[in-house]
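Take a look at the structure set out below.
The values are calculated or read from the model by the stated rules, or taken from the named source; none is laboratory data. In this text, all values refer to a predicted model and were calculated from it rather than measured experimentally. Counting neighbours? That spans all protein chains shown, and the Cβs are built from the backbone with ideal geometry, glycine included.
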Amino acid sequence: MVREGLSRLKRMQARGCCLVGHPEYYRRFGFENCPQLVLEGVPPEVFFAMSFDGTLPRGTVAFHEGFGAVDPSAHANEV
């Protein structure tokens with residue numbers, strides 16, 4: 001599934017991919033820790049990036065809000 005996702009990103013002409021995950025699992029696909037990229041609130045040892053074109057940008061990463069975790073009980077009393 002990971003390989004298919006990466007293939008789809010490449011076909012979409014993405015320049016790379018970043019994710020939060022388990023180090024032993026994602027390193028086998030070529031992901032690596034990238035100190036020049038930061039995801040605030042996430043320990044750097046579980047934040048990974050992979051470049052498709054050989055370059056990695058610098059800066060702070062922000063994922064789309066759809067990737068955020070929401071506590072379902074936070075909305076339990078809403079009507």
If we keep only residues of the stretch 1-32 that are closer than 18 Å to Thr60 by Cα and not aliphatic (A, V, I, L, M), then the residue surrounded by the most Cβ atoms within 10 Å (Cβ to Cβ) is Phe31
Conditions (1) at pLDDT 95 or above; (2) surrounded by 11 or more Cβ atoms within 10 Å (Cβ to Cβ); (3) of a type in the set (A, V, I, L, M) -> Val42 fails only (1)
A careful count of residues in the stretch 57-79 that are assigned to a loop (DSSP other than H, G, I, E, B) and either modelled with pLDDT under 80 or touching an Asp or Glu at 6+ places or on another chain (Cβ under 9 Å) (or both) gives 10
Flagged in the stretch 2-36 as free of Cβ contacts under 8 Å to residues at least 12 places away in the same chain and hydrophobic (A, V, I, L, M, F, W, C), in numbering order, are Met12
